[in-house]
Amino acid sequence: MERLNVNTRIELNDGHAIPQLGLGVFQLEDPAVCERAVAAALEVGIRHIDTAAGYENEEAVGRALAASGIDRHDLFVTTKCWVDDYGREQTRRAFDASRKKLGLDVIDLYLLHWPVDETMMAAWDTLIALRAEGQVRSIGVSNFTVRRFEDFFFSRTDVVPAVNQVEVHPFNIRPDVRAYCQAKGIAVESYSPLARMKGMDHPALAAVAEECGKTPAQVTIRWHLQHGLVVIPKSQHPARIRENAAVFDFMLTDEQMRRIDALNEDRFVIGWRPGGEENWY
Ligand SMILES: NC(=O)c1ccc[n+]([C@@H]2O[C@H](COP(=O)([O-])OP(=O)(O)OC[C@H]3O[C@@H](n4cnc5c(N)ncnc54)[C@H](OP(=O)(O)O)[C@@H]3O)[C@@H](O)[C@H]2O)c1
């Protein structure tokens with residue numbers, strides 16, 4: 001396997017590339033805490049920040065990026081359009097607001113945050129237009145299942161998203177959506193990659209961690225990386241952000257990877273769905 005490092009990027013289907021390890025900033029609403037977390041991530045070499053309009057911290061992210069003095073071309077910033085802003089003009093206004101808050105001319109990756117069949121294709125048309133205009137480099141989706149792609153999305157568009165950001169962790173390894181996206185050339189980004197720490201004390205993870213001289217969080221992040229997934233763990237603590245980035249000085253064996261795969265129980269830690277569970281497929 002190719003040697004991974006904090007700058008390793010994954011090629012996207014549109015010619016751009018995304019750093020495989022990023023910092024997620026969901027629930028970092030306190031601007032000072034968010035700025036400190038982004039600064040800590042940049043300090044350890046992370047160049048990819050995953051935010052969203054819905055996280056209400058784009059301004060804080062933008063300030064931390066600007067304060068770092070890091071060349072814009074070395075940074076990769078993702079933000080997302082919230083479901084209430086789906087619509088041809090509405091999505092464009094939401095994009096402009098996000099870009100302004102982030103203080104950036106161009107967004108690296110803009111995602112539809114959740115699928116909503118009634119409104120998202122108009123939003124998707126706007127994302128396609130924004131990309132054609134050079135305002136965003138890559139466009140993608142989030143929380144798409146295989147059925148959503150097959151039964152709805154791809155019967156309405158020929159434009160293949162660059163990424164699909166979905167919940168993936170050792171307790172929900174999502175083999176179907178990962179295989180489908182790989183076949184279509186869609187990069188998969190793992191969100192809630194540590195299962196929000198729910199189950200990180202599992203004895204099997206503890207055993208692998210001990211064998212590697214690492215923490216369960218570190219072996220889990222390494223498991224995502226070795227599976228070729230983009231991974232965006234969140235922490236508000238600089239010490240944990242450093243811990244989560246210290247995953248490039250060891251390697252999991254195939255057998256250790258299989259032991260972690262075997263923890264799958266199809267368990268979601270994010271239960272919220274737009275319109276409620278009954279509309280979900
Ligand atoms: N597209 C979507 O719909 C969607 C949904 C959910 C998440 N996301 C993205 O994915 C990112 C990550 O997901 P997430 O925040 O849900 O969950 P996560 O990264 O799996 O877990 C975050 C939790 O783990 C703790 N933690 C992190 N590193 C740790 C460590 N080394 N040791 C002990 N505890 C640690 C954090 O606590 P502290 O902060 O207190 O350290 C926090 O409570 C989000 O920030 C967001 O960018 C996207």
- Would you mind telling me which residue in ILE270, ILE232, ILE186 has the biggest mean-square fluctuation in a Gaussian network model of the chain, where springs connect alpha carbons within a distance under 10 angstrom? ILE270
- Message: Suppose the chain between ASP30 and ALA262 were pulled fully straight at 0.36 nm per residue; how much longer would it get relative to their current alpha carbon spacing?
- Response: 79.8 nm
- What percent antiparallel are the DSSP beta bridges of the chain, to the nearest 5? 15
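With a sphere of radius 13 Å drawn around the Cβ of TYR180, what net charge do the other residues whose Cβ falls strictly inside it have (Lys, Arg +1; Asp, Glu -1)?
Result for the neighbourhood of TYR180: +2.
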- Close lysine pairs (the range 9-264; alpha-carbon distance under 20 Å; 8 or more apart or on separate chains) counted at 6
- Message: Report the Cα centroid-to-centroid distance between the range 73-140 and the range 144-173 in angstrom, as an integer.
- Response: 17
- Query: Near GLY275, within a Cβ-to-Cβ distance under 15 Å, what is the net charge of the other residues, with Lys and Arg +1 and Asp and Glu -1?
  - Reply: -3
- Query: Can you give the longest stretch of the chain with no exposed loop site, where a site means GluC sites (Glu not before Pro) in a DSSP loop (not H, G, I, E or B) with at most 13 other C-beta atoms within 10 Å?
  - Reply: 134-264
- How much net charge surrounds ASP254 when only the other residues with a Cβ under 15 Å from the Cβ of ASP254 are counted, with Lys and Arg +1 and Asp and Glu -1? 0
- Estimated 222 nm signal from helices in the chain, with DSSP H stretches of n ≥ 4 weighted -39500 (n - 2.57), rounded to 500: -10500 deg cm²/dmol
- Query: Taking R0 as 41 Å, what's the FRET efficiency between GLU56 and HIS202 from their Cβ-Cβ distance, rounded to 0.05?
  - Reply: 0.80
- Message: Connecting C-alpha atoms closer than 10 Å in a GNM of the chain, tell me which of ALA17, ALA183, ALA41 has the biggest fluctuation.
- Response: ALA183
- Item | Overall form of the range 9-264 per C-alpha gyration tensor (a/c, 1.5; a/b vs b/c) | oblate
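Read-outs: derived from the displayed coordinates by stated rules, not from any lab. Since we're looking at a predicted model, the values are computed, not measured. Quick reminder, even Gly has a Cβ in these numbers, built from the backbone with ideal geometry, and neighbours come from all protein chains shown.
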